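Read through the structure below, which is laid out as structure tokens, and then see the notes.
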Amino acid sequence: MTRRTMFQTLASAPLLAGAAAEAAPRGMPSPKIRDVQVIATEPAGVRLTVVKILTDQDGLYGYGCATFTQRADLVNEAVTKYLKPFLVGKPADRIEDTWQACYDSSYWRNGPVLNNAIAGVDQALWDIKGRMAGMPVYELLGGKCREAAACYSHASGAEIPETIDNARKLMAEGFKHVRVQVGVPGMAGYGSARNGTRVAALHDDPVFDPAVYMRRAIQLLEESRKQLGDEVELLHDVHERVTPNQAVNFAKAIEPVRIFYLEDALSPEDIDYFRQIRSQCATPLAMGELFNNPHEWTPLIANRLIDFIRIHVTQAGGLTPCRKIAAFAEIFGVRTAWHGPGDVSPVGHMANVTLDVVCYNFGIQEYSGFNDREREVFQGCPELKDGYLYPNDAPGWGIEIDERAAAKYPFGYGERGTHKLYNGGWGVIRKPDGTVIKQ
Ligand code: MG
């Protein structure tokens, strides 16, 4: 396919005065969906899924993130076996209508596999819309209300001094917000390396004791504040690993440390306990990366029980539902903190940062960076400068995918341990007595 097509020519035209009218698709035939494809690639040790929608108009196509790394093959099948036959021949320029039709077409809905599949289609249609208009998606959404998105990055260590050293390095790079995590000796901590001999347990799987972790995490936060000073914003992710009552105690104990937010103190099954945490302390609370269903986020926002909604955009169904969630949250004074780990493709990161720069109630963006192989596959990744993430200014998401490069890194590329063993899925973590914990 030639690169200088009608749409790419229009997309590169100046957007001022008469040129804008010339660039608009008005009067052109409505593009129809010709094909729906899946690009499955693993350039950074994490399975990434991108949906590519091609239209019947030469050179007009778009990409959307559909990454659910732990069950990636199922998303691929949901796209190619169910959404593709449903969508081929339908208009490519009716995003809301297409989203609602896809959402309803399975009858049972709001699960992670189907939501990711729909998100891939949804974001690809936003990409197409932007390419048609010759504008980045943030312009379609009303334009920027800030120049760039403040980000946090992850500082971790097997021991507290190592975490604090790593936090200092991130601060020196320009980050004003740093997430701190520390290992628990002999245990499988979250977000950090293990240190010391494995603790005694009645089983052979990785071990985790929530009470031991909690004491150490409180110590880490107190020490970090003391050593890093008052200016840096500290964050911490509990990763739903403690009991509801431990979560209440944890949030109360760290209130004097004045952190930016405590993340996932509770699991989605326990969200009614946020009311108890709220009644006990003013520690800011972030929740949502495991959410798939409006019945999970709606009560937390409407009752002002959290401070930050941090949904994984594709798990909620893509840009279309998430911009509504952001607007809903704005009314209740809840800020956004979209989930931005390595298991989001660069297309998904562009969707995140697009929401960040257009939504007034933006709070913070998680940043995980891109390695050289990722940049080889995805050209046009958002750029980080001095702790701020900038969206690409090219039309649509501004990202082009080198599919030959993507094929060099198939699912399983470079995978180790349980990821390799379980087709990208996770293993188990147990308490010393053998009880499985959420991780
Ligand atoms: Mg998290």
>> Between TYR82 and ARG194, how high is the FRET efficiency from 1/(1 + (r/R0)^6) when r is the Cβ-Cβ distance and R₀ = 41 Å? Nearest 0.05.
In response: 0.50
> Which of the residue pairs LYS408/LYS438; LYS84/LYS324; LYS84/LYS129; LYS176/LYS252; LYS32/LYS144; LYS252/LYS438 have a Cα-Cα distance greater than 27 Å in the structure shown?
Replying inline: LYS408/LYS438; LYS32/LYS144
>> For a quick check: with amide H placed at 1.01 Å from N, whose amide H comes under 5 Å from LEU285's, ignoring anything fewer than 5 positions away on the same chain?
In response: LEU262, ASP307, PHE308
>> For the chain, give me the percentage of DSSP beta bridges that are antiparallel, rounded to the nearest 5 percent.
In response: 50
> Based solely on its DSSP helices, what 222 nm [θ] is calculated for the chain when runs of n ≥ 4 H residues each add -39,500 (n - 2.57) and the sum is averaged over all residues, nearest 500 deg cm²/dmol?
Replying inline: -10500 deg cm²/dmol
>> Largest first and in whole Å, what are the equivalent-ellipsoid semi-axes of segment 149-397 based on the Cα gyration tensor, each being the root of 5 times an eigenvalue?
In response: 28, 23, 18
>> What lysines does LYS169 reach when the alpha-carbon gap must be under 18 Å and sequence neighbours fewer than 8 apart in one chain are set aside?
In response: LYS226, LYS385
> Counting only protein heavy atoms and using a 1.4 Å probe, what share of the accessible area of the chain belongs to carbon plus sulfur, as a whole percent?
Replying inline: 52
>> List the trypsin sites (Lys or Arg not before Pro) within segment 39-112 that DSSP assigns to loop and that have no more than 15 neighbouring Cβ atoms inside 10 Å.
In response: ARG94, ARG109
>> Over the chain, with the other protein chains present, what is the accessible area per residue in square angstrom, probe 1.4 angstrom?
In response: 42
>> Could you work out the relative contact order of segment 149-397? I mean the mean sequence separation of Cα pairs under 8 Å and 6+ apart, divided by the number of residues, in percent.
In response: 17
> Under a plain spin-label model, where a point goes 7 Å from the Cα along Cα-to-Cβ, how far apart in nm are GLU147 and ASP205?
Replying inline: 4.9
> Within the chain, what is the longest stretch that has no GluC sites (Glu not before Pro) placed in a DSSP loop and near at most 14 other beta-carbon atoms within 10 Å?
Replying inline: 232-439
> So how exposed is SER156, as accessible area in Å² (1.4 Å probe, rounded to 10)?
Replying inline: 40
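The values are calculated or read from the model by the stated rules, or taken from the named source; none is laboratory data. Being a predicted model, the structure only gives us computed values, none of them experimental. Using ideal geometry, Cβ is built from the backbone for each residue, glycine included, and neighbour counts are taken over all protein chains shown. Remember, those area values only see protein heavy atoms, side chains included, never the ligands or the DNA or RNA. Shrake-Rupley method; radii C 1.70, N 1.55, O 1.52, S 1.80 Å.
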